[in-house]
1. So which of Gly166, Gly259, Gly246 is in contact with a Lys or Arg (Cβ under 9 Å, 6 or more places away or on another chain), of a type outside the set (D, E, K, R), at positive phi and surrounded by fewer than 22 Cβ atoms within 10 Å (Cβ to Cβ)?
2. Within segment 189-197, is there a residue that is within 28 Å of Leu26 (Cα to Cα) and under 17 Å from the mean Cα position of the chain (by Cα)?
3. Given the criterion at pLDDT below 95 and farther than 20 Å from Gly339 by Cβ, identify the matching residue among Gly87, Gly75, Gly54, Gly154.
4. Restricting to segment 5-32, count the residues that are part of a loop (DSSP other than H, G, I, E, B) and within 23 Å of the chain's Cα centre (by Cα).
5. Here's a check for you: in segment 275-291, which residue that is in a helix (DSSP H, G or I) and surrounded by 18 or more Cβ atoms within 10 Å (Cβ to Cβ) is modelled with the highest pLDDT?
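The values are calculated or read from the model by the stated rules, or taken from the named source; none is laboratory data. Computed from a prediction, not measured in an experiment: that's the story for all the values here. Note: ideal-geometry Cβ built from the backbone for every residue, glycine included; neighbour counts use all protein chains shown.
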Amino acid sequence: MTDITALTAKQAADAVASGDLDPTELFEAYRAKAAADDLNAYTWVADAAPAANGVATTPLAGVPLAVKDLFATKGVPSQAGSRILEGYRPPYTASVVERLAQAGAPLLAKTNQDEFAMGSSNENSAYGPVLNPWDRTRVPGGSSGGSAAAVASGSAPWALGTDTGGSIRQPAALTGIVGLKPTYGTVSRYGMIAFASSLDQAGPLTRDVTDAALLYRHMVGQDHCDSTSLQHPEEIVLPTAQRLDGITLGVPEDLTGEGVEAGVLARFEETLKVAEELGAKVVRVALPHADYGLSAYYVIAPAEASSNLSRFDGVRYGKRVDADDLLTMYTTTRHDGFGAEVKRRIMLGTYALSSGYYDAYYGRAQRVRTKIAEDFATAFQTVDFVVTPTAPTVPFKLGSKTSDPLEMYLNDYFTVPISLAGLPAISIPAGLSEGLPVGFQLAGPAFSENRVLDAAHALEQAIGFDATAGRAG
């Protein structure tokens, strides 16, 4: 076995379980790669491999896990990409990270991210931008850009990310890997530093669909520490489908191509043809309110962020700027600790929630959210899945959109409506445009992860995308 890091996570787990691969050797191989990272994908890397006693008998067999900096990890810097939490070491570990560790996936490293998960390019991190392994002059997407770049570059076998409006799917698309956003509530949010509580959800970023299913399988479950968590009604199984016979895919009628790059649209249409060759039926479907998704999201998410980030006051944890009085200490700490995008969203959210504007903005946005959820429910009466491009463009140049927040927000055009509806969706690689990866998004009804993963697996096998192609970039 010449390069054990070339194995998928499932292959590595099987090799450890069979005794053909030493888990300590596997961990050290990845630790060396993570420590040598030149993409700025990591904010912390483990000093040494953990004890491997009995790990070969666990479900994940010692395959190391990279974890987004948004998750609290006991004794390890957990900074959410922000200066206000620089060096913060929590006294506890997030439920999902703990659950995966118990299943046999030890913590390899913490990954860089947009500050408090607010961004679509990973340029909002207080610790510098992450570079895309396909082209180091371009972004990897965000906010889970560090996790995506780590997996795409081969320095981690798989990684944990979070998705509020597309922060798993969009970076997966822009780095040529797989990203799954689960049904809201199926994974505990306890210990996941909050951005927008009614939208945030943890999920896997992996090299292929089988690895996504394997990791997600050990993430799900109700948690008494998270009142919004719930038990998934089905056991998550590894996908096996090779065909899409009997499956109907719905393409939203308002997908006209406007704002979508020609190469991205071409890969999307080619993937639809592949789906038809596998036996699927492709039809048009109406989502009349989805076009308002971004507008609603950028009221709801900042409003919830305004509330959640009020806890960062310089008193309880994190950065503190000493001052002569309490109010000055609060304001100076937040001024120095928060980045520009976080400040922008806090101000937007505070305004939307303020007296006299609550009904005009936040209340109306929530009603739009309900309409979007109803649109998806209606669509799923006639189709099995709704499909779109994951992102409207290929990875864009570093700095090219930082001066125009609206242009940056438009990167989440296809992902946000699904988040607002709380539905599961996956992004898989659909090929290249201009030599850069393009993602194909497939969304299903709530709790349909097994069917989503199966359909994605069949498409993945037929497309035959080489996820390792960008590693030499």
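1. On the way: Gly166 fails: surrounded by fewer than 22 Cβ atoms within 10 Å (Cβ to Cβ); Gly259 fails: in contact with a Lys or Arg (Cβ under 9 Å, 6 or more places away or on another chain).
Just one listed residue meets the conditions, Gly246.
2. Residues of segment 189-197 within 28 Å of Leu26 (Cα to Cα): 191-192.
Within this subset, residues satisfying the condition of being under 17 Å from the mean Cα position of the chain (by Cα) are 191-192.
Yes, there is a match, as at least one residue in segment 189-197 is within 28 Å of Leu26 (Cα to Cα) and under 17 Å from the mean Cα position of the chain (by Cα).
3. Working: Gly87 fails: farther than 20 Å from Gly339 by Cβ; Gly75 fails: at pLDDT below 95; Gly154 fails: at pLDDT below 95.
Just a single option satisfies the conditions, and that option is Gly54.
4. Here is the first cut: in segment 5-32, the residues part of a loop (DSSP other than H, G, I, E, B) are 7-8, 18-22.
From the residues that got through so far, the ones that are within 23 Å of the chain's Cα centre (by Cα) too are 7-8.
Total satisfying the criteria: 2.
5. Restricting to residues being in a helix (DSSP H, G or I) and surrounded by 18 or more Cβ atoms within 10 Å (Cβ to Cβ), the top hit is Ala275.
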